[in-house]
Amino acid sequence: MVDTEAYTIEGPDGSSETLAVPAGLVETLAEPGEEPTTVVSDIVVQALAQHAHSLVHHAEGEPSPELVELNDAAEELFEERFGMSLEDAMGHSH
């Protein structure tokens, strides 16, 4: 079995969950000098933005105005964090 490393995510209500990832994977994905927690946080932001995008643009039916607003906010946060739009990062636009 592969060794693992644990990362903990804490929610605004104080709840938390710890997840295990293969040891060394996060460091493999990191840029030189980048902190492992930054890598994990980047992946979370990216995944949430992509999921919101999928719900708004690729699900059947019309999304609710609230979901569209959440997607817009996720895309803004993505751009603030990565310095490029989600559309540019994905090579995909609507």
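Points worth noting:
- For the chain, averaging the sequence separation of C-alpha pairs within contact (under 8 Å, six or more residues apart) and dividing by the residue count gives a relative contact order of 17 percent.
- Positive-end residue, segment 4-90 charge dipole about Cα centroid, Cβ charges, pick of Val45, Ser15, Val68: Ser15
- Neighbourhood charge, 12 Å Cβ-Cβ cut-off, centred on Ser93 and excluding it, Lys, Arg +1 and Asp, Glu -1: -3
- Taking 7 Å steps out from each Cα toward its Cβ at Ser64 and Ser16 produces label points 3.1 nm apart.
- Dividing the summed helix terms, -39500 (n - 2.57) for each DSSP H run of n ≥ 4, by the number of residues in the chain produces a 222 nm estimate of -16500 deg cm²/dmol to the nearest 500.
- Rg and Dmax over the alpha-carbon atoms of the chain stand at 15.7, 46 Å.
- Dipole magnitude (debye, nearest 20) for the chain, charges at Cβ of Lys, Arg, Asp, Glu: 240
Bear in mind these aren't lab numbers, they're just calculated from the coordinates by the rules spelled out. What you see is a predicted model, and the numbers here were worked out from it, not measured in a lab. Counting neighbours? That spans all protein chains shown, and the Cβs are built from the backbone with ideal geometry, glycine included.
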